[in-house]
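Asks: Take a look at the following structure, please.
The values are calculated or read from the model by the stated rules, or taken from the named source; none is laboratory data. Keep in mind it's a predicted model, so treat the numbers as computed, not measured. Don't worry about glycine lacking a Cβ; one is built from the backbone with ideal geometry, like all the others, and counts go over all protein chains shown.
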Amino acid sequence: MQRPTYTPVSESHGAPICPRCRARIDARRGPTSFCHSCGAPLPQLAASGTSGISTGTVLILGLVAIFAIAAVAAIVVVLFARPSEPIAARPATVTTITVQAATPFDSASASASASTKVPAAPLTEAELDTLEGNYTCSMDDTPAFPCRISNSVLEKLAGSQRFRGPIVKNSNGGFSFSGTFFCPFGDCTHPVACTFTRTSAGHYSCRFGSNSVPGGGPGGEHVVLSKAR
C-alpha cells in the first residue's frame with residue numbers, strides 16, 4: 001500500500017495533519033519532528049524545526065552588521081576625508097658674513113701698530129731737577145724695580161728686598177737717606193743709611209753700610225736711582 005504524501009497545511013487552512021493517523025498536529029506545543037498521537041515522523045516539520053537560526057535572529061544579526069559597517073564607514077570618512085592642514089614652515093635664518101680683503105697698506109699699518117709702541121715723552125729739565133717723583137731703583141746686579149720719593153720719604157715699592165725711610169736734600173743736589181731695610185717674604189730687617197750723590201740730571205747713587213744685625217744679610221748694597229715718568 002502506498003504511503004500518502006505529507007502536505008503541510010498553512011495556518012490559514014488549519015494545523016498540519018499527520019500522514020499516518022490523520023491527527024492534527026498541535027502547533028501551540030511548538031515545532032516538532034514527530035506526531036504526538038502516533039509517533040510517526042514528520043520529515044518536513046523536522047527539517048523546518050531544526051533548520052538552525054530563526055528568521056528573526058537572522059534579521060537582527062543583519063541589522064547589527066549593517067549598523068557596524070555604517071559606523072566603520074563613518075569613522076573612515078572622518079579620519080581620511082578631513083583635509084590636512086599644511087605645516088607652517090619656519091623662516092630660514094640667513095647669516096651674512098662679509099669678508100673684506102686686507103690691502104697691503106692695512107697689513108703694514110697693523111704690523112706697525114702691533115710692533116711699535118709710542119715712546120713716552122722725555123722728562124723735562126724741570127722734572128729731572130725735582131727730587132720728588134717716580135724712580136726705578138736697582139741694588140747691585142738686581143733688575144730695576146719701581147721706587148718713589150713722596151713727602152720727603154724714599155721707598156722701594158717692589159722686589160724681595162726693600163727699603164723705606166726719610167730723606168734730607170743737601171746743597172750739592174743729592175740727599176741723605178736713613179731708614180729700614182726689610183724683606184716682605186723673609187727676615188732681613190736691619191737699619192740702613194747713606195748719602196745719595198747726584199751723578200746726572202735725575203740720577204742718584206749710594207752704597208749702604210755693612211750690616212751688624214744677625215740674620216739681616218751682609219749689607220753694603222750699591223743702590224742706583226733713575227728718574228722715571
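Asks: Taking the options Ala193, Ala121, Ala126, name whichever one is free of Cβ contacts under 8 Å to residues at least 12 places away in the same chain and out of contact with any His (no Cβ under 9 Å at 6 or more places or on another chain).
Replies: Values: Ala193 fails: free of Cβ contacts under 8 Å to residues at least 12 places away in the same chain; Ala121 fails: free of Cβ contacts under 8 Å to residues at least 12 places away in the same chain.
It is Ala126.
Asks: Taking Gly219 and the conditions (1) in contact with a strand residue (DSSP E or B) (Cβ under 7 Å, 6 or more places away or on another chain); (2) at pLDDT 90 or above, which numbered condition does it fall short on, given that it satisfies the others?
Replies: (2)
Asks: Which numbered condition trips up Asp141, out of (1) exposed (fewer than 13 other Cβ atoms within 10 Å of the Cβ); (2) touching a residue at least 24 places away in the same chain (Cβ under 8 Å); (3) closer than 14 Å to Val223 by Cα?
Replies: Unmet condition: (2).
Asks: What residue, among those in region 158-175 that are of a type in the set (Lys, Arg) and closer than 15 Å to His190 by Cβ, is modelled with the highest pLDDT? Break it down stepwise before answering.
Replies: First, the residues of region 158-175 that are of a type in the set (Lys, Arg): 162, 164, 169.
Keeping just the survivors that are closer than 15 Å to His190 by Cβ gives 162, 164.
Values: Arg162: 93, Arg164: 96.
Residue satisfying both the conditions and the ranking: Arg164.
Asks: Scan region 143-157 and tell me whether some residue there is of a type in the set (Asp, Glu) and modelled with pLDDT of 95 or more. Steps first, answer last, please.
Replies: Of region 143-157, the ones of a type in the set (Asp, Glu) are 155.
Imposing the further condition that a residue be modelled with pLDDT of 95 or more reduces the set to 155.
Yes, some residue in region 143-157 is of a type in the set (Asp, Glu) and modelled with pLDDT of 95 or more.
Asks: With respect to Tyr204, determine if the residue is at pLDDT 95 or above, assigned to a strand (DSSP E or B) and over 54 Å from the mean Cα position of the chain (by Cα).
Replies: Taking the combined requirement at face value, the residue satisfies it.
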